[in-house]
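Notes to accompany the following structure.
The values are calculated or read from the model by the stated rules, or taken from the named source; none is laboratory data. Predicted model, so just to flag it, every value in this text is computed and none were measured. Cβ coordinates were reconstructed from backbone atoms using ideal geometry, including for glycine residues, and neighbour counts include every protein chain displayed. Each accessible area value is taken on the protein alone, full model and side chains, heavy atoms only, with ligands, DNA and RNA left out. Shrake-Rupley method; radii C 1.70, N 1.55, O 1.52, S 1.80 Å.
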Amino acid sequence: WYQRRVRDMKNIESETPAVPSSKSGKKKASDYPIKSEIATVIVTVVSIFLTTFVFHCTWVTSEAYSSPSIVLAARGHDGNRIIFDDFREAYNWLKFNTPENAKVMSWWDYGYQLTAMANRTIIVDNNTWNNTHISRVGQAMASPEDHSYTIMKELDVDYVLVIFGGMSGYSSDDINKFLWMIRIGGSTPEGEHIKESDYYSSTGEYKVDKDASKAMHNSLMYKMCYYRFGEIMTEQGKPTGYDRVRNQEIGNKDFELDVVEEAFTSEHWIVRIYKVKDLSNRGTV
C-alpha cells in the first residue's frame, strides 16, 4: 500500500504544469513597451521617407522627364513657366495644309515625329542605317541653293523643315547641328565638294556673323533659318538679326530665296517650313 501511494504522488507531480518564474515574466513585460516604441519610430521614419520619395519623383518627372522635345518649357524673367508649342503647331499645319502625298525633307532627328504627328512621308528618319540617304540630305542643306535644288528634285522633295532657335534661345536647333550635316554630307563621293573647313571663319571659328565664311552664308540651311530674321529685334539694346543662341548679329541679312518659298513659321520661329518651287524650265546644275 505504501509503495502504491508513493507511485501515485509521483504521477500527480509529473502532470502538474511548470509555473514560470516571476522575474522572467516581469522582464518580458517591461521589454514590450520599448520594442513597441522602436517599431513605431521605424515605421514612421520609413513612411516619411517613402512619402518624400513620391514627392521627389513627381517633381523630377514634371520638371525633366515629362517634357519631351515636342513641347518645350522655359522660365521667364518673372519666374513664370513659358510653354513653347511650336513643334505641334507646325506638325498640325503640315497635316492640314499640305497634300497627303507630300514629301518632307528635314534632318533625321525629326523623322519619327513628322511621320506620327504630321502623317507625311519623310526623306530620312531616326532609323539612321541608310547613311547614303542621310548624307544626301546633309549635302542639300550645306550646298548653295542651285545645287540644293538639284538634290531636292532628285529626292522628290515638296517641303523642307528646319528648326531654328535664334529667336527663342532654343539651343538644340539646326544651326548648332549644322556641322554634323556638313560632315555626314561630305562623307560620300557625291558630297566630296563639301569640306568642313569651308564653313569656318578665317580664324577657324564656327560663326554666323559678318565673319562667317561665304559657304556658310550661301548654304541653304543658313538662308532658311535666317530668312527675314535680319528685320527682327530679339533683345532690347541689340541690333536687328541678333541670334540669341550664338550671341551674334547675323552677317547676311538682306537676301531673297530662289528655289524655296516660306510656307509656315511657328509662333516663336522654332519651326520653319519652306515649299520647294516648281522650276520646270530650270536647267540641271
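Counting only helices (runs of 4 or more DSSP H) that sit wholly inside the stretch 167-248, those with at least 2 residues that are surrounded by 21 or more Cβ atoms within 10 Å (Cβ to Cβ) are 174-185, 220-226.
For residues in the stretch 150-166 being more than 16 Å from R272 (Cα to Cα) and in contact with a Lys or Arg (Cβ under 7 Å, 6 or more places away or on another chain), which is most open to solvent (accessible area, probe 1.4 Å)?
D156
The set of residues in the stretch 129-143 that are among the hydrophobic types (A, V, I, L, M, F, W, C) and touching a residue at least 24 places away in the same chain (Cβ under 8 Å) comprises I134, V137, A140, M141, A142.
Given (1) touching a strand residue (DSSP E or B) at 6+ places or on another chain (Cβ under 6 Å); (2) free of Cβ contacts under 8 Å to residues at least 12 places away in the same chain, where does I273 come up short, assuming only one miss? In the conditions (1) touching a strand residue (DSSP E or B) at 6+ places or on another chain (Cβ under 6 Å); (2) free of Cβ contacts under 8 Å to residues at least 12 places away in the same chain, I273 misses (2) alone. When every residue of the stretch 51-66 is checked against the conditions, none turns out to be at pLDDT 70 or above, in a helix (DSSP H, G or I), open to solvent by less than 60 Å² (accessible area, probe 1.4 Å) and of a type in the set (S, T, N, Q). Examine the stretch 272-283 for a residue that is modelled with pLDDT under 95 and of a type in the set (K, R), and state whether such a residue exists. Taking every residue of the stretch 272-283 in turn, at least one turns out to be modelled with pLDDT under 95 and of a type in the set (K, R). Tally up the residues in the stretch 144-165 that are assigned to a loop (DSSP other than H, G, I, E, B), farther than 12 Å from M224 by Cβ and not aliphatic (A, V, I, L, M), please. Total satisfying the criteria: 4.
Within the stretch 144-170, residues that are at positive phi sit with their Cβ atoms under 7 Å from residues that are in a loop (DSSP other than H, G, I, E, B), at 6+ positions apart or across chains, in these pairs: G169/R244; G169/V245.
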